[in-house]
1. Can you confirm whether residue 181 is touching a Leu at 6+ places or on another chain (Cβ under 8 Å) and open to solvent by 70 Å² or more (accessible area, probe 1.4 Å)?
2. Specify the residue that is most open to solvent (accessible area, probe 1.4 Å); the eligible residues are those in the range 250-302 that are among the aromatic types (Phe, Trp, Tyr) and not in a strand (DSSP E or B).
3. Is it fair to say residue 231 is without any contact (Cβ under 8 Å) to a residue 60 or more places away in the chain, loosely packed, with under 14 Cβ neighbours inside 10 Å and of a type in the set (A, V, I, L, M, F, W, C)?
4. Taking the conditions exactly as written (buried (at least 20 other Cβ atoms within 10 Å of the Cβ) and part of a helix (DSSP H, G or I)), does residue 56 satisfy them or not?
5. Name the pairs whose Cβ atoms lie under 7 Å apart, with the first residue in the range 240-267 and on the phi > 0 side of the Ramachandran plot, the second open to solvent by less than 60 Å² (accessible area, probe 1.4 Å), and 6 or more positions between them or separate chains?
6. Looking at the range 378-400, which of the residues that are farther than 12 Å from residue 443 by Cα and basic (Lys, Arg) is nearest to the chain's Cα centre (by Cα)?
7. Do we have any residue at all in the range 303-320 that's in a helix (DSSP H, G or I), touching a residue at least 12 places away in the same chain (Cβ under 8 Å) and surrounded by 14 or more Cβ atoms within 10 Å (Cβ to Cβ)?
8. Quick check: anything in the range 405-413 open to solvent by 30 Å² or more (accessible area, probe 1.4 Å), hydroxyl-bearing (Ser, Thr, Tyr) and under 17 Å from residue 442 (Cα atoms)?
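The values are calculated or read from the model by the stated rules, or taken from the named source; none is laboratory data. Quantities reported herein were computed from a predicted structural model and do not represent experimental measurements. Every residue, glycine among them, receives a Cβ derived from its backbone with ideal geometry; neighbour counts consider all protein chains shown. SASA here: full protein model, heavy atoms, side chains in, ligands and nucleic acids out. Shrake-Rupley method; radii C 1.70, N 1.55, O 1.52, S 1.80 Å.
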Amino acid sequence: MKTSMLLLFYALLLSLCSAQEAKTHSKGTKVKKHKPPKIKEEEDVLVLTGSNFNRALKEHKYLLVKFYIALSGPSQTVKEEFSIAASQLKKESSDVRLGQVDITQEKDLGKEFKIKEFPTMKLFIDGDRSNPVDCKGVRTASAFVTWLRRRMGQSFVYLNTTNQLESFIQSDKVAVVGFFKGLESTMLDHFEGAARDIPEFPFGLVSNEEVLLHVEITSNLVAVYKKDKPVNYLISEEEIENKLDLIRLIRTYIMDLVTEYNLETSVTIFDVPIQSHILLFASKTSESFSTIYENYELAALEFRGKVVFIYVDTDETRNGRIFEYFRITEVDTPAVRILNLTIDTQYRMPADEVNFANLRNFCQSYLDGKAKPITDSEEIPSDWDKNPVKVLVGKNFNRVAFNKTINTFVMFYAPWSQECQALFPIWEELGNRYEHNNNVTIAKIDCTANEIQLVVLDRYPYFRFFPAGSDTKTIRYIGEHTIKAFTEFVENQIQLSEKEDDVLDSSEPSKPGTGNEERPEKEEL
């Protein structure tokens with residue numbers, strides 16, 4: 001009996017121990033969830049890659065991402081400001097973070113989001129990877145912070161008293177105020193959208209009847225106030241069809257009538273959603289500069305909101321790249337060009353003098369679609385060689401000018417130049433004199449419509465002699481513009497060429513494969 005009781009006791013004890021052991025074992029072998037390592041940060045900016053990008057979107061309600069190239073100048077310029085904004089926003093809220101993607105390392109992300117400019121900023125909201133919001137024209141830390149805050153909440157402040165309105169207008173160098181008689185206007189939606197997209201300056205809204213009565217405003221409109229200017233700019237409801245129209249006009253009025261191109265303004269110039277830019281290339285030290293600039297400002301006033309007016313100082317050596325892009329040389333200045341950013345096409349003002357009438361005609365002709373764009377070459381006229389003076393364009397220039405057996409004398413002209421027009425009869429007479437001469441071709445080319453890359457160019461009209469058989473040598477003509485002077489020059493060049501041929505023939509006998517073989521014809525432009 002005692003033995004049975006003892007066995008029962010041990011069996012019960014063993015059962016309890018086994019249960020406790022199983023419980024302990026169960027606790028010890030429970031699968032733990034390991035958190036992924038934190039995303040690497042550089043100066044409070046998340047370093048995003050293809051592997052952690054989606055996780056960053058899920059962890060942060062608002063994620064502003066900078067897509068950049070490390071060696072890009074603009075990317076370097078924005079880097080510090082972006083980091084300052086990232087630090088401030090990180091302290092304020094974990095829901096808002098800033099991240100960056102190095103496109104040289106993460107090419108797939110660049111392709112996915114169609115990144116073509118650097119840096120490009122995009123805001124991702126609530127983990128939505130397919131519909132990011134573009135953050136354009138933002139370059140400073142304060143602007144990044146303001147831009148994000150306006151995206152997350154109210155994009156403007158209400159101004160309910162005249163004192164609030166006056167204080168608001170004086171609060172910054174630029175202030176934008178919307179005056180609305182009612183809050184059910186389509187223009188108000190555009191105003192809210194513009195406020196979100198222009199974070200550099202404060203936006204205020206007035207709908208209080210007493211304030212509207214005080215400022216004598218009776219219709220919906222938007223006003224742009226500049227602290228250092230005695231006037232303000234009013235934008236009426238009739239001028240606005242969409243948000244982009246309002247942004248275009250606000251940014252236009254924020255800028256000066258004429259913006260001088262430099263390292264600082266080169267960014268803000270392209271923030272204005274106007275795709276037509278006109279550029280004046282001139283020296284500030286020239287005697288005529290003040291008159292030219294005054295005419296340029298008058299034209300800018302007339303075409304404000306349609307064309308962005310830019311001035312480029314030709315005395316500034318740091319502007320070298322923009323000179324190269326527009327192929328502007330010292331002899332060209334003062335010069336005026338229009339650039340259409342949408343189709344990357346340039347237009348040259350068809351006039352020598354930079355006065356108001358010529359500028360006005362040029363702008364209007366461009367806006368009407370009648371201006372002639374600069375091209376590498378016009379089409380070759382069907383009758384280009386039928387008359388004594390041959391008509392050259394880019395496509396046939398090398399073949400004629402660098403002929404292997406015939407000397408060519410070319411007049412480079414501008415069709416609107418009065419001096420060129422006065423010379424046409426004389427040039428025709430010269431063509432008649434050499435019409436039946438198999439050794440000389442007299443030709444002309446419109447240098448404003450055909451880009452010919454010669455080492456030295458002059459102010460039109462200018463002249464070059466191309467000796468037969470030379471694929472590089474040209475001789476500049478600087479004599480009088482008379483039939484006698486032109487003829488004497490041509491004859492002298494022919495004689496010199498013949499003497500050189502005689503010297504070559506007598507000094508070195510002809511050998512197979514040297515001297516008598518045909519030179520490869522220069523490739524056409």
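1. yes
2. By that ranking, first place goes to 270.
3. So residue 231 passes the test.
4. no
5. Matching pairs, first to second residue: none at all.
6. The extreme case among them is 395.
7. For the range 303-320, residues in a helix (DSSP H, G or I), touching a residue at least 12 places away in the same chain (Cβ under 8 Å) and surrounded by 14 or more Cβ atoms within 10 Å (Cβ to Cβ): present.
8. Yes, because at least one residue in the range 405-413 is open to solvent by 30 Å² or more (accessible area, probe 1.4 Å), hydroxyl-bearing (Ser, Thr, Tyr) and under 17 Å from residue 442 (Cα atoms).
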